[in-house]
1. Specify which of the listed residues (B:Pro324, B:Pro350) is within 23 Å of B:Ala203 (Cβ to Cβ) and of a type outside the set (A, V, I, L, M, F, W, C).
2. Does region A:53-71 contain any residue that is at the interface with chain B (Cβ under 9 Å from one of its Cβ atoms) and in contact with a Phe, Trp or Tyr (Cβ under 7 Å, 6 or more places away or on another chain)?
3. Take region B:21-31 and flag every residue that is exposed (fewer than 13 other Cβ atoms within 10 Å of the Cβ) and not in a strand (DSSP E or B).
4. Do we have A:Met79 as touching a strand residue (DSSP E or B) at 6+ places or on another chain (Cβ under 9 Å), buried (at least 16 other Cβ atoms within 10 Å of the Cβ) and assigned to a helix (DSSP H, G or I) here?
5. Could you please let me know if B:Ala226 is buried (at least 17 other Cβ atoms within 10 Å of the Cβ) and either assigned by TED's automatic domain parsing to the domain that holds B:Ile305 or within 22 Å of B:Ala380 (Cβ to Cβ) (or both)?
6. Write out, first by first residue and then by second, each pair whose Cβ atoms fall under 6 Å of each other, whose residues are 6+ apart or on separate chains, and whose first residue, in region B:1-25, is at negative phi while the second is assigned to a loop (DSSP other than H, G, I, E, B) and open to solvent by 50 Å² or more (accessible area, probe 1.4 Å).
7. Can you pull out the strands (runs of 3 or more DSSP E) entirely within region B:320-385 that have at least 1 residues that are of a type in the set (D, E, K, R)?
8. Determine whether B:Arg182 is away from chain A (no Cβ under 14 Å) and without any contact (Cβ under 8 Å) to a residue 60 or more places away in the chain.
Amino acid sequence: MTADQILAIIRDELARLAPEVDFDTADRNRLIQQEFDIDSMDFLNFITALHARLGVNVPEADYARVATISGAQAYLLAMVRT
Amino acid sequence: MPSLGADMEAATLIEWLAKPGDKMKRGDVIAVVETAKGAIEVEVFEDGVLEKHVVAPGAVLPVGAVMARYSGAGEVAAPRPVAPAPAPAPAPAAPKPQLVPEAPSPVRPPPAAGLRTSPAARRLAEELGVNLTSIAGTGAGGAITREDVAASAHAPAGKKATGFDFTAMRRAIAAALGRSKREIPHYYLSHAIDIGAAQDWLAAANAQRPPAERFLMGALFIKAVASAAREFPELNGFHVEGEFRASQAIHVGVAIAIRGGGLAAPAIHDCADLALSDLMARMRDLVARVRAGRFKSSEIADSTITVTSLGDRGVDAVWGVIYPPQVAIVGFGKIGMRPWVVDGQVVARPTVCMSLAADHRVSDGHKGALFLERIGQILANPSEL
């Protein structure tokens, strides 16, 4: 699994939640919830989808580490490689 | 055509899901109609047999218009003569109730017979001016999906959030809440509480759970309101025809924001009796379906009290507008670290501001205050939930 593949999955799942937001111009260092205007239910669905697709179970305690696109990419990459 | 909420005047019949001769049970879905809130599955109120379709898909019908002849176990009103179903152009048959200014009926072509499409696909096709009969469906059973429609129009798929008609939805919200503000003498109360115990309980519970089974604080809020409502009948029910009718059942309406600027508050039924895990599952399902633009008629019409939780949007407190004919709405603001006095010392604690807007025709501030206080007590002992 490469960084690009993980980014594609993040992109996919965020497009489901916020289809009108342009991923390519989104700020990858800003909080996903703000950048994509999603609520806690959407964010939980995002985490659930990542678990289903990557097998990475992000505990609540680590939510802050996956709160931005770049943070989530780095975190998930590290987790799928371990 | 049933009234699917105080803000509904008319709806378009999208499709029949039952055919003449079908035996149906209470709660079975007989048809799908399109309202300002999106597509709604209309359930039958009692066991019976569908005798005859009176109108055809595409017809725009005011609330109260006859859609079909259905003989129930009890009995239904004798069918009245109804104007024949309009084929290409919808034409309301019965007079519209004039509670609110008449809104122009959206004119929609009826879906072509035999085509399998989702409501979302149909709406997108209308918006893009795509002829559905010219599309090959790739969905289940050859159904035409939104993606098929988008692809055929060479439009970027997934660029548009939903097929909601936000103008119509805004008009419906204006009608219901305008009526609320004109007719209901609201009183407002707020009560800030330390939410630390609930947060700790949630963190411990979620640490054991995979994402698909985790709880959200919003579910605790709904459960707490439902549990408290059991003890305060004057805040749970309907004000109709000049009098209050308390409801035995507690169906909590959950205000759900829809991307693009819409709002719906469908009910989670019998909240007080649901285990938290079931409540959470229902909530997830409901939010997903509302955002996809599809829910059931019983969910839209019978909330007995509403909860609005705007905490995610970062505001300290929300002052709700009662959704008629309900008599109360409970609001939750953002959970945040704030100065709080514990044992005579100011310390930083996670707190939340709860609010209540209630109908003064039915209850007074004293009762309302006890109700909010009770919700706070329940949230302070989350293991009881």
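1. Only one candidate passes the filter, namely B:Pro350.
2. Checking region A:53-71: not a single residue is at the interface with chain B (Cβ under 9 Å from one of its Cβ atoms) and in contact with a Phe, Trp or Tyr (Cβ under 7 Å, 6 or more places away or on another chain).
3. Across region B:21-31, the qualifying residues are B:Gly21, B:Lys25.
4. The answer is no for A:Met79.
5. yes
6. Correct list of pairs: B:Lys25/B:Asp47.
7. Counting at least 1 such residues, we get B:336-342, B:345-359.
8. Yes; evaluated as a whole, the condition is true for this residue.
The values are calculated or read from the model by the stated rules, or taken from the named source; none is laboratory data. Bear in mind the structure is a predicted one, so any value in this text is a computation, not a measurement. Here the Cβ is made from the backbone with ideal geometry for all residues, glycine too, and neighbour counts use every protein chain on show. Remember, those area values only see protein heavy atoms, side chains included, never the ligands or the DNA or RNA. Shrake-Rupley method; radii C 1.70, N 1.55, O 1.52, S 1.80 Å.
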